Amino acid sequence: MRRRHMYRQAGLWALLALAGGCASTAQHPRLPTPRPLAAHYESSLDREADAARTPPVEGLLTLDQALALALMHNPSLAAFAYDVRAAEALRLQAGRLINPQVELEIEEYDRDGAGIESSETVVGLTQWIELGGKRHWRTRVAEARGELKGWDYERQRLDVFSQTAQRVVGVIAAQRRLTLAESTVELAEQTNHAVTERVKAGKEPPLQASKAAAELEMVRLNALEATSGLELARLALAAMWGADEASFEAVAGDTDRTLDAVPALATLKSRLAMNPELARWDSEISLRQAALRSARTARVPDLKAALRYAQYEEDGTDAFSFGVTVKLPIFDRNQGGVAAAALALEQAEVEREATALQLGGALTEAHAALALAQQRVDALRTKVVPAMQSAFDGAAEGYRQGKFGFLEMLDAQRRLIETNERLLDAWRDHRSAQITINRIAGPAVEVDPLLEQEKH
């Protein structure tokens with residue numbers, strides 16, 4: 001009867017140990033507040049399991065649709081989401097108590113042939129008790145690491161947003177480049193026809209017809225290159241949401257719009273705190289502060305408590321014993337760990353300042369690029385392109401009337417084509433600088449003018 005009572009006690013201790021070790025509370029990953037840029041879009045962390053498959057995209061694609069698709073289905077962003085969830089799981093694990101140990105020992109069984117009647121049965125329960133706040137600071141370290149994973153996810157989310165916007169700009173520019181190339185082919189065909197007619201009339205030598213035909217073939221090759229470039233740009237954009245083909249017909253956009261004014265650099269720099277690469281350092285410093293406190297708690301020895309129950313079958317007696325074990329912090333007080341953690345904390349402060357300087361430099365560079373691109377676009381659009389168009393029209397009309405030679409007209413045509421190409425390049429640089437500034441300083445400049453059709 002007594003043995004059964006003892007076994008019931010041992011079973012109770014074991015059940016209590018298992019209950020303490022298995023209890024868990026499901027929690028959602030804790031993320032930093034999303035940056036204002038693209039905050040209204042859902043991302044891969046928000047989607048349901050049945051939304052993992054990318055829906056087909058058909059017809060005219062807008063920037064807004066492209067961004068929504070990329071943030072929801074981008075493969076690299078989805079991979080970062082797993083890091084966030086894993087960090088939360090590790091935070092839960094860091095708060096667990098150390099499992100107790102249960103020991104069952106039967107000594108002197110069958111001594112002198114007496115069987116179980118001569119044995120000594122011992123049941124023991126051992127538990128390590130952490131002192132000095134070790135579990136609290138271990139949990140805090142895990143929480144801070146989870147916050148950093150959240151910032152890494154936020155940084156990747158903005159990278160996907162910016163890269164998608166850049167690729168939308170690339171497709172719009174490629175579409176415009178193809179349109180220019182096709183119009184150039186039409187222009188070259190008209191020129192070739194005019195030269196051929198003058199050669200037939202004996203007003204130009206046959207050599208000029210050969211030159212016109214060669215020029216026509218060159219612009220046709222340029223049109224083929226533009227077609228290939230557009231297809232590559234479309235595929236690159238579709239890859240942002242994990243698609244292996246571009247099912248959309250075209251991207252909506254207008255290359256004739258720019259900013260009314262470039263914002264002041266000082267205004268942009270005042271928004272640098274919005275950048276997740278800088279904001280994450282608050283969590284990084286918290287992590288290293290918690291790591292320092294955790295290193296200091298390691299100097300406090302833990303306590304090992306043991307409870308044992310023994311029953312002696314030979315004389316029918318039993319006894320309880322209780323013991324405590326403590327390590328003496330004489331030689332190792334984690335001096336090196338504390339010193340390293342303190343240096344790591346000081347390093348974080350320095351690295352935060354270095355990050356702020358780096359972001360400020362990148363912002364200054366992007367602002368200068370935006371201002372220069374704005375000037376180039378304005379000058380090319382309002383002055384240079386109209387002047388080149390007028391020069392070509394005059395040269396073409398003069399050639400038909402016999403006032404100008406073929407070379408003068410061809411030179412005017414090439415300059416017009418080159419100027420239109422430079423205008424398109426300036427527009428793309430302008431949009432690229434806008435997107436870069438927004439990535440660094442939040443939604444500081446307007447990108448929506450890309451979507452002329454969405455404004456109507």
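The values are calculated or read from the model by the stated rules, or taken from the named source; none is laboratory data. Bear in mind that the values here come from a model prediction, so they are computed numbers and not experimental data. Note: ideal-geometry Cβ built from the backbone for every residue, glycine included; neighbour counts use all protein chains shown.
Annotation: of all residues in segment 100-117 being surrounded by fewer than 14 Cβ atoms within 10 Å (Cβ to Cβ) and modelled with pLDDT of 85 or more, the one that is nearest to Leu148 (Cα to Cα) is Gln101. Screening the candidates Ala340, Ala310, Ala298 for the property of being in contact with a helix residue (DSSP H, G or I) (Cβ under 7 Å, 6 or more places away or on another chain) and at negative phi yields one hit, Ala298.
Here Val195 qualifies as more than 30 Å from Leu69 (Cβ to Cβ) and buried (at least 18 other Cβ atoms within 10 Å of the Cβ). Is it the case that some residue within segment 204-211 is within 29 Å of Gln413 (Cα to Cα), in the same structural domain as Gln374 (by TED's automatic domain parsing), buried (at least 18 other Cβ atoms within 10 Å of the Cβ) and free of Cβ contacts under 8 Å to residues at least 12 places away in the same chain? There is no residue in segment 204-211 that is within 29 Å of Gln413 (Cα to Cα), in the same structural domain as Gln374 (by TED's automatic domain parsing), buried (at least 18 other Cβ atoms within 10 Å of the Cβ) and free of Cβ contacts under 8 Å to residues at least 12 places away in the same chain. Take the conditions (1) crowded, with 17+ Cβ neighbours inside 10 Å; (2) at pLDDT 90 or above; Arg138 misses just one of them, which is (2). For Ala266, the requirement of being without any contact (Cβ under 8 Å) to a residue 40 or more places away in the chain, small (Gly, Ala, Ser) and in a loop (DSSP other than H, G, I, E, B) is not met. The residue of segment 350-365 that is farthest from the chain's Cα centre (by Cα), among those that are farther than 10 Å from Leu265 by Cα and among the hydrophobic types (A, V, I, L, M, F, W, C), is Val350. Scanning segment 281-337 for residues that are surrounded by 12 or more Cβ atoms within 10 Å (Cβ to Cβ), touching a strand residue (DSSP E or B) at 6+ places or on another chain (Cβ under 9 Å) and among the polar types (S, T, N, Q) yields Gln311, Thr325. Among the residues of segment 400-416, the one identified as aromatic (Phe, Trp, Tyr) and crowded, with 20+ Cβ neighbours inside 10 Å is Phe406. Can you tell me which residues in segment 212-251 are free of Cβ contacts under 8 Å to residues at least 60 places away in the same chain, among the acidic types (Asp, Glu) and not in a loop (DSSP other than H, G, I, E, B)? Across segment 212-251, the qualifying residues are Glu217, Glu225, Glu231.
Residues of segment 408-444 that are assigned to a helix (DSSP H, G or I) and of a type in the set (Gly, Ala, Ser): Ala412, Ala426, Ser432, Ala433, Ala441. Looking across segment 183-214, the residues that are within 18 Å of Glu421 (Cα to Cα) and in contact with a helix residue (DSSP H, G or I) (Cβ under 6 Å, 6 or more places away or on another chain) come down to Thr184, Val185, Ala188.
For every residue, the table says whether it meets (1) modelled with pLDDT under 90; (2) β-branched (Val, Ile, Thr); (3) not in a helix (DSSP H, G or I).
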position: Leu307; (1), (2), (3): yes, no, yes
position: Ile330; (1), (2), (3): yes, yes, yes
position: Gly337; (1), (2), (3): yes, no, no
position: Leu343; (1), (2), (3): no, no, no
position: Gln347; (1), (2), (3): no, no, no
position: Leu359; (1), (2), (3): no, no, no
position: Ala362; (1), (2), (3): no, no, no
position: Ala368; (1), (2), (3): no, no, no
